Amino acid sequence: CIGEEHSNPIDHRIELEVATHLFPLWHSGALGLEMIQRPFQGVLDDFAAGRIDATALQARVGWEERWGFDFGFYAPTIAAALAAHAALIALDAPTELTKQVAHRGLASLSVDDRAHLPELDLANAQHRAWFDALMADMDGGSGAHGSADGGPSADDIYAVQVIWDETMADTAAKWLAAHPDGHMIILAGSGHCHDTAIVGRMFRRGITGV
């Protein structure tokens, strides 16, 4: 799991170096992408198979609307993965679901929507402490995230963070379980790649070689 600052070209250069070095060493590899949401796995498959080009890929996954950072940052690492015959894996939860949770809470989800969620551990004290400190820093040290006027609450924002981490961990773990000799490089924001985020949640799912 390579934690990036999404707009930092140095981080993307490091990702490319890691991918270029590791993928040729592996018989079965995959590149997991926070940048693309799980419902668009078929689009990634079409791109990997050469059925569509990069322009069509971006249009069909809603790259600008759902991610927004320059595709050019990621294109060389994706190309390195494909050159080594690695799979491309859409890791993240759909925006429609996370926006609803942010504004209306987990309880607002329908039974069908809840069925699409992986198991969520919302009670990890270490992870919650990290998140609360992050939010306090973003609020200028006030810790005043959330509002009493109908805006997203701290608990709802935290639930979204957990949904992101758990969805990416769940997707990666399922691929690795289906490919016992496989290895995956995960590209995700730095807040998703520490031990209490994706990494620990993959451990909980039985993936021990992280």
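The values are calculated or read from the model by the stated rules, or taken from the named source; none is laboratory data. Please read these numbers as outputs of a predicted model, since none were measured by experiment. As a convention, Cβ positions derive from the backbone with ideal geometry for all residues, glycine included, and neighbour counts pool all protein chains shown. Please note that ligands, DNA and RNA were not included when accessible areas were found on the heavy atoms of the full protein model with its side chains. Shrake-Rupley method; radii C 1.70, N 1.55, O 1.52, S 1.80 Å.
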* Asked: Relative to the longest principal Cα axis of the chain, at what angle does helix 95-104 sit, 0 to 90 degrees, rounded to 10?
  -> 10 degrees
* Asked: Using alpha-carbon positions, what is the distance between the centroids of the stretch 149-210 and the stretch 68-92, in Å?
  -> 19 Å
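Could you check how many percent of all C-alpha pairs in the stretch 90-210 are farther apart than 16 Å? Walk me through the numbers on the way to the answer.
On the way: 4545 of 7260 pairs.
Result: 63 percent of Cα pairs exceed 16 Å.
Kindly provide the helix-only [θ] at 222 nm of the chain, computed as the sum of -39,500 (n - 2.57) over DSSP H runs of four or more divided by all residues, to the nearest 500 deg cm²/dmol?
Details: 10 runs with 106 residues, N = 210.
It lands at -15000 deg cm²/dmol.
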* Structure fact -> The simple spin-label model distance between Asp53 and Val111, using points 7 Å out along Cα→Cβ, in nm, is 4.7 nm
* Taking springs between alpha-carbon atoms closer than 10 angstrom, which of Glu34, Glu166, Glu17 fluctuates most in the Gaussian network model of the chain? -> Glu17
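Keeping all protein chains in place and using 1.4 angstrom, which order do Met135, Met168 fall into by accessible surface area, from largest down? Present the calculation step by step, with values, prior to reporting the outcome.
Details: Met135 25, Met168 0 Å².
The ranking, largest first, comes out as Met135, Met168.
Mind checking the per residue accessible area of the stretch 1-48 for me, 1.4 Å probe, whole number of Å²?
Working: 2240 Å² over 48 residues.
I get 47 Å² per residue for this part.
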* Using Cα atoms only, what is the angle between the long axis of helix 125-138 and the major principal axis of the chain, expressed in degrees (0 to 90) to the nearest 10? -> 80 degrees
* **Selection from Ala80, Gly191, Ala107, by position along the positive dipole direction of the stretch 55-210 (Cβ)** => Ala80
* Could you state the principal axis extents of the C-alpha atoms in the chain, from the largest down, to the nearest angstrom? -> 51, 38, 36
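Within the accessible area of the stretch 28-67, what % is carbon and sulfur when the probe is 1.4 Å and the other protein chains stay in place?
Values: 860 of 1760 Å².
Looking at the stretch 28-67 in its full context, I get 49 percent from C and S.
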* From the residues Ser28, His6, Pro118, which one has its Cα farthest along the dipole of the chain in the positive direction, the dipole being from +1 and -1 charges on Cβ of Lys/Arg and Asp/Glu about the Cα centre? -> Ser28
* Asked: Between Thr208 and Ser153, what is the label-to-label distance in nm when each label sits 7 Å out along the Cα-to-Cβ direction?
  -> 4.0 nm
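At 1.4 Å probe size, with the rest of the protein present, what percent of the exposed accessible area of the stretch 81-210 is carbon and sulfur atoms?
On the way: 3450 of 6270 Å².
The C+S portion of the solvent-accessible surface of the stretch 81-210 is 55 percent.
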* To do: Compare Val18, Val61, Val111 by solvent-accessible area with a 1.4 Å probe and give them largest first, with all protein chains kept in place.
  => Val111, Val18, Val61
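To the nearest 20 Debye, how big is the dipole of the chain about its Cα centre, given +1 on the beta carbon of each Lys and Arg and -1 on that of each Asp and Glu? If you can, show how the numbers build up before the last one.
Numbers: 13 positive and 29 negative charges, 103 e Å.
The calculation lands at about 500 debye.
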* To do: Please determine, in degrees from 0 to 90 and to the nearest 10, the orientation of helix 71-83 with respect to the longest principal axis defined by the Cα atoms of the chain, where the helix direction is its Cα long axis.
  => 50 degrees
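Averaging over every viewing direction, what projected area does the convex hull of the Cα atoms of the stretch 1-66 cover, in nm²?
Working: hull surface 21.1 nm².
Averaged projected hull area, Cα only: 5.3 nm².
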